[in-house]
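K.L.:
First, the structure itself, so that you have it in front of you.
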Amino acid sequence: MNTPAIPRLTLESVRIRGVVVPLRRPIVAKVGEFRQWPFILIDVMTKEGVIGRSYLEPYVEKSVKYIAQAITDLADALKGKPLAPLDAYRDNMRTMHLVGREGVSLIAISGLDMAIWDALAKAANVPLAVLLGATTGPVRAYNTNGLWLIPLDRVEKEAAELVAQGNFKAIKIRLGREKLKDDLAVIAAVRRAVGEDVQLMCDFNQGLAFGEALLRLHALDDQGLSWFEEPIVYDNLEGCAQIARKMKTPVQIGENIYGPREFLKAVNARAADLYMPDLMRIGGVTGFMRSAAIAGAAGLPLSNHLYPMISTHLLRASETADWLEWSDWAEPILANPLPVKDGFAMVPDVPGVGLEWNEEAVKRLAM
Ligand code: SMN
Ligand code: MG
């Protein structure tokens, strides 16, 4: 009998742990305020000894226990089967027919999917980007780690800090303050701090009503911003499309899109000019790469939302890769955080994704 070139893996068990990491700069956004950030760490153990790792950022601490239960149940059904992410994704989606495929269902499927891909890449002894047919290398990144809805007198200092954190050429600010003049004052303060050459993305976190969004975005359309992110509620695709048609500034959405089918619906509705799926909602690596194919075929630039470590591999393998959203919130629990230098993240040349837990911190920050 021939020995397979790549050892085939079989799922043995899954270990799930919840941790809560304090945030250096609390998130103050229209979607909520967070002083600490929960993570669900997933380790997929195989009979062959390879461990696949991933994590989820579920926002809501109380959700950790039911997402963990859903992952455990899905993993139980995969026990003893050959570990194959596309098969697991299909079977898991089928399992969710009756309870609905979005929300917790897809979040659990996504977490497991990412860990399975990591295991596969480790078994093949290549970085995930290479397993997907790409190469390792740099991905241009913007710093997302601050400039929440903070008081104006703190904006300049924080903008300068964000640029200095990795010599970034782009940073993201949050807008949608009470009055237009408040947003304009923040943009002016950021410009004073970072100059004209740093690109500014901006995010409204769904905070504007449709009519308000038309007025506010028209008034901000000449500010030289790189994109308007989620101006209105995420599932109003027609409204997003209308806004995108009217504005010169590109409209960016995607972090709340559940799975490649909903992604296709948004693309077909011409809801936005730019897309940034979130690995936890889009269906993990499988859902992201299927969405990347849709974005590529449609000629639409593709960025990511959070999960920088895993997303860099996937952007290297995406036809229309645009920007990596770089967040450092997971760094305290990672043994080898993603390196960024001169505004670029470097996909690490290690087998798999490169996720290793800092076990001491995981113990200390356990839920
Ligand atoms: C965001 C991320 C995480 C929590 C709140 C808001 C934001 C982003 O939408 O795009 O970074
Ligand atoms: Mg956003």
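K.L.:
So if I take the centroid of the Cα atoms in the stretch 320-347 and the same for the stretch 174-231, what is the distance between those two points in Å?
P.N.:
Taking the Cα centre of the stretch 174-231 as reference, the centre of the stretch 320-347 is 25 Å away.
K.L.:
Restricting to Cα pairs below 8 Å that are 6+ residues apart, what does the relative contact order work out to for the stretch 53-144? Please round to a whole percent.
P.N.:
The value is 34 percent.
K.L.:
Looking at the chain, what % of its DSSP beta bridges pair antiparallel, to the nearest 5?
P.N.:
60
K.L.:
Does anyone have the angle between helix 259-268 and the longest principal axis of the chain? Alpha-carbon axes, 0 to 90°, nearest 10?
P.N.:
Roughly 40 degrees between the two axes.
K.L.:
Averaging over every viewing direction, what projected area does the convex hull of the Cα atoms of the stretch 59-130 cover, in nm²?
P.N.:
So the mean shadow area of the Cα hull is 5.5 nm².
K.L.:
Provide, for q = 0.12, 0.13, 0.14, 0.16 Å⁻¹, the log10 of I(q)/I(0) from a solvent-free Debye sum over equal Cα point scatterers in the stretch 130-357.
P.N.:
Scattering profile of the stretch 130-357, log10 relative to I(0): -0.64, -0.75, -0.87, -1.12.
K.L.:
So what is the calculated 222 nm ellipticity per residue for the chain, using -39500 (n - 2.57) for each DSSP H run with n of 4 or more, over all residues, to the nearest 500 deg cm²/dmol?
P.N.:
About -11500 deg cm²/dmol.
K.L.:
Take the Cα pairs of the stretch 76-197, get the Kirkwood Rh, then feed it into Stokes-Einstein at 37 °C and 0.692 mPa s and tell me D in µm²/s.
P.N.:
178
K.L.:
Given contacts defined as C-alpha pairs under 8 Å and at least six residues apart, what's the relative contact order of the chain, whole-number percent?
P.N.:
Computed over the chain, the figure is 19 percent.
K.L.:
From the mean inverse distance of alpha carbon pairs (Kirkwood) and the Cα radius of gyration, derive Rg over Rh for the stretch 11-125.
P.N.:
1.01
K.L.:
Out of residues 5 or more away from PHE228 or on other chains, whose amide H comes under 5 Å of its own, with H placed 1.01 Å from N in the peptide plane?
P.N.:
VAL251, GLN252
K.L.:
Over 29 Å between Cα atoms: which of LYS181/LYS246; LYS179/LYS265; LYS172/LYS248; LYS30/LYS181 fall into that group?
P.N.:
Check vs 29 Å cut-off fails for LYS179/LYS265.
K.L.:
A further question on this structure: Can you compute the charge dipole magnitude of the stretch 130-357 about its Cα centre, using +1 on each Lys and Arg Cβ and -1 on each Asp and Glu Cβ, nothing else charged? Give it in debye, rounded to the nearest 20.
P.N.:
Here the size comes out at about 400 debye.
K.L.:
Another question, then. Please calculate the 1.4 Å probe accessible area of VAL99, with all protein chains present, and give it to the nearest 10 Å².
P.N.:
So the heavy atoms of VAL99 present about 110 Å² to solvent.
K.L.:
Additional query: Can you give the accessible area of GLU102 in Å² (nearest 10), computed on protein heavy atoms with a 1.4 Å probe?
P.N.:
The accessible area of GLU102 comes to roughly 90 Å².
K.L.:
From Cα coordinates alone, what are the radius of gyration and Dmax values for the stretch 139-269 in angstrom?
P.N.:
Every Cα atom of the stretch 139-269 included, Rg and Dmax give 14.8, 43 Å.
K.L.:
Taking N as the number of residues in the stretch 267-350, what is its alpha-carbon radius of gyration divided by 2.2 N^0.38 Å?
P.N.:
In units of the globular-protein estimate, the stretch 267-350 measures up at 1.10.
K.L.:
Against the longest principal axis of the chain, how steep is helix 180-194, in degrees 0 to 90 to the nearest 10, with axes from Cα atoms?
P.N.:
70
K.L.:
Additional query: If you count only protein heavy atoms and use a 1.4 Å probe, how large is the accessible surface of THR95, to the nearest 10 Å²?
P.N.:
Roughly 90 Å² of THR95 is accessible to a 1.4 Å probe.
K.L.:
With a 1.4 Å probe and every protein chain left in place, work out the accessible area per residue of the stretch 219-331 in Å², rounded to a whole number.
P.N.:
31
K.L.:
Moving to a separate point now. For the full complex of protein chains and a 1.4 angstrom probe, list ILE294, ILE107 by accessible area with the highest value first.
P.N.:
So the residues, ranked largest to smallest area, are ILE294, ILE107.
The values are calculated or read from the model by the stated rules, or taken from the named source; none is laboratory data. Keep in mind that what you see is a predicted model, and the values were worked out from it rather than measured. Positions of Cβ are generated from backbone atoms using ideal geometry, with glycine treated the same way; all protein chains shown enter the neighbour counts. Surface areas here come from the heavy atoms of the whole protein model, side chains and all, with no ligands, DNA or RNA. Shrake-Rupley method; radii C 1.70, N 1.55, O 1.52, S 1.80 Å.
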